[in-house]
Amino acid sequence: MKTKTIFFCKECGAQSPKWLGKCPACGNWNTYEEENVQVTSNKSALTLPKKEKTKPKLLSGINLQEQTRIDTGNNEFNRVLGGGLVPGTIILIGGEPGIGKSTLALQIALKATNLKTLYISGEESEQQIKLRALRINKNSDNCLILNESSLENIVFHAIEIKPDLLVIDSIQTMQTEKVESSPGTVTQIRECTNELLKLAKTYSIPTILIGHITKDGSLAGPKLLEHMVDTVLQFEGDRNHIYRIIRAVKNRFGSTSELGIFEMQQSGLREVSNPSELLLSHYEEDISGVAISASIEGIRPFLIEVQALVSSAVYGTPQRSSTGFDLRRLNMLLAVLEKRAGFRLAQKDVFLNIAGGIKVDDPAIDLAVICAILSSDQDLSIDRTKCFAGEVGLTGEIRPVTRIEQRIIEAEKLGFTEIFISKHNKIQSLQSKFKIKISFASKVDEVFKTMFG
Ligand code: TYD
Ligand code: MG
């Protein structure tokens, strides 16, 4: 038996016999870490059935079977997966510590009473898991719990039990005898994932892997973990907020634009099927600096509150800060307001916040951002029955956005009386379909006139 010292890149998993300052594979600096690798045996923990001869087929000769999806009993989770679990797939759920990954996985394992589930934790004892289960108030006669971190044992149990769903909490705590490094190192993570991948494919066991995230937000362990699995879900949200969002970063069996929304309660995660109602704050009086955007995240429309605070800069250089919205985009919008509409904002501090602690990518939020900033700057409140949907271009024009009708329907459903959209979204007879008043804008300077007179 020989021990070898190998250096691995934490980011991409590239290896080198000596330490390198810059990874030649991914270009990151200071990512090499030393590991002692001792190869004890080359045998796989799995005894695979004999290889069959594979045969290439003509594309036209391939039958399209409808992929059967397994219902997990959790609508938001089904949604991000693209309609349920696909048999034999490996799903990686990444998220910061304390965000609720274990809670979500246990909840799924317990709620899917029609599935035989096996929940394996390398982090918590069986008693701790029981306490958590009591807290989320679920009991199941179909869920087996195991505290184990030896991969060989896990594979043994999984083959014996043949669960319909296997949960591994977390991949960083698992250890295989095949390599002699400690859990959480690049070689361990890669070997363990490899074995679990074989297990999932050979026995058609859908597997959920839980993965930790490093301080800078990427999945701990190498990027190659993301390449190995079928689906990567990111569980995010502000720990201090109650909302949690799960989004697909990669999905071999569905779209990556879907997201699921949960609310962290005393008794576990509650599925949020109508997010708009939660994302709007409920105060009575009119406050300046608040505008509501009719946005679409994934395929779901929802109304999001944008809050802005504009005040004279105390220091020489004004501060710009943004939560939930791209800071560079905020700077661009401020420049557009300055240059195209003549607002003096260069000497002002601007703070922007998307309510509920969520992150928005939809460009249609631009118009609401601009209105919130102007409202705070001029200290004039915007009526809370109005909402906005439009992208703002560098020339100051309000550009049309996709799926406008869906946005209007959602705004109408939630009791808004007026929606501002781009003039170029003017579809014949759009107004006649809705009761809500539809107002059109073509330039940022017009918006101010129509909004504040
Ligand atoms: P946990 O699932 O352990 O997070 P992770 O596995 O991602 O590290 O749970 C994190 C937090 O959730 C913890 O601080 C307590 C809180 N929590 C609730 O608010 N309600 C609950 O029902 C449970 C189980 C946890
Ligand atoms: Mg956990």
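The values are calculated or read from the model by the stated rules, or taken from the named source; none is laboratory data. Since we're looking at a predicted model, the values are computed, not measured. We place every Cβ from the backbone using ideal geometry, glycine too, and count neighbours over all the protein chains shown.
Of everything in the stretch 283-308, what is in a loop (DSSP other than H, G, I, E, B) and either of a type in the set (S, T, N, Q) or more than 25 Å from the chain's Cα centre (by Cα) (or both)? Give them in sequence order.
Of all residues in the stretch 283-308, those in a loop (DSSP other than H, G, I, E, B) come to 283-287, 289, 298-299.
Correct list: 283, 284, 285, 286, 287, 289.
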The stretch 93-123, residues that are within 26 Å of residue 159 (Cβ to Cβ) and either surrounded by fewer than 18 Cβ atoms within 10 Å (Cβ to Cβ) or away from ligand 2 (no atom under 14 Å from the Cβ) (or both)
110, 111, 112, 113, 114, 115, 116, 117, 118, 123
Go through the residues of the stretch 149-161 one by one and say whether even a single one is within 16 Å of ligand 2 (Cβ to nearest atom) and at pLDDT 90 or above.
yes
Give me the residue from the stretch 170-198 that is at pLDDT 90 or above and of a type in the set (Asp, Glu) and, out of that set, farthest from ligand 1 (Cβ to nearest atom).
177
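Looking at the structure I just gave you, is residue 296 on the phi < 0 side of the Ramachandran plot, hydrophobic (A, V, I, L, M, F, W, C) and either modelled with pLDDT under 80 or more than 16 Å from ligand 2 (Cβ to nearest atom) (or both)?
Numbers: on the phi < 0 side of the Ramachandran plot: yes; hydrophobic (A, V, I, L, M, F, W, C): yes; either modelled with pLDDT under 80 or more than 16 Å from ligand 2 (Cβ to nearest atom) (or both): yes.
It is true that residue 296 is on the phi < 0 side of the Ramachandran plot, hydrophobic (A, V, I, L, M, F, W, C) and either modelled with pLDDT under 80 or more than 16 Å from ligand 2 (Cβ to nearest atom) (or both).
On the given criteria, is residue 210 closer than 25 Å to residue 110 by Cα, surrounded by 24 or more Cβ atoms within 10 Å (Cβ to Cβ) and modelled with pLDDT of 90 or more? Lay out the reasoning, then the answer.
On the way: closer than 25 Å to residue 110 by Cα: yes; surrounded by 24 or more Cβ atoms within 10 Å (Cβ to Cβ): yes; modelled with pLDDT of 90 or more: yes.
When the stated conditions are applied, residue 210 passes them.
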Across the stretch 411-430, which residue is surrounded by the fewest Cβ atoms within 10 Å (Cβ to Cβ) among those that are out of contact with any Cys (no Cβ under 9 Å at 6 or more places or on another chain) and within 12 Å of residue 302 (Cα to Cα)?
413
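Here is a yes/no grid of residues against (1) away from ligand 1 (no atom under 13 Å from the Cβ); (2) in contact (Cβ under 8 Å) with a residue 40 or more places away in the chain; (3) β-branched (Val, Ile, Thr):
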site	(1), (2), (3)
105	no, yes, no
115	yes, yes, no
132	no, no, no
143	yes, no, no
146	yes, no, no
151	yes, yes, no
168	no, yes, yes
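Name the single residue that is nearest to residue 103 (Cα to Cα) among those in the stretch 240-256 being in contact with a strand residue (DSSP E or B) (Cβ under 8 Å, 6 or more places away or on another chain) and not in a strand (DSSP E or B). Please lay out each step first, then the result.
Taking the stretch 240-256 as the starting set, the residues that turn out to be in contact with a strand residue (DSSP E or B) (Cβ under 8 Å, 6 or more places away or on another chain) are 242-256.
Next, only the ones that are not in a strand (DSSP E or B) stay: 242, 252-256.
Numbers: 242: 14, 252: 25, 253: 24, 254: 24, 255: 25, 256: 23 Å.
That would be 242.
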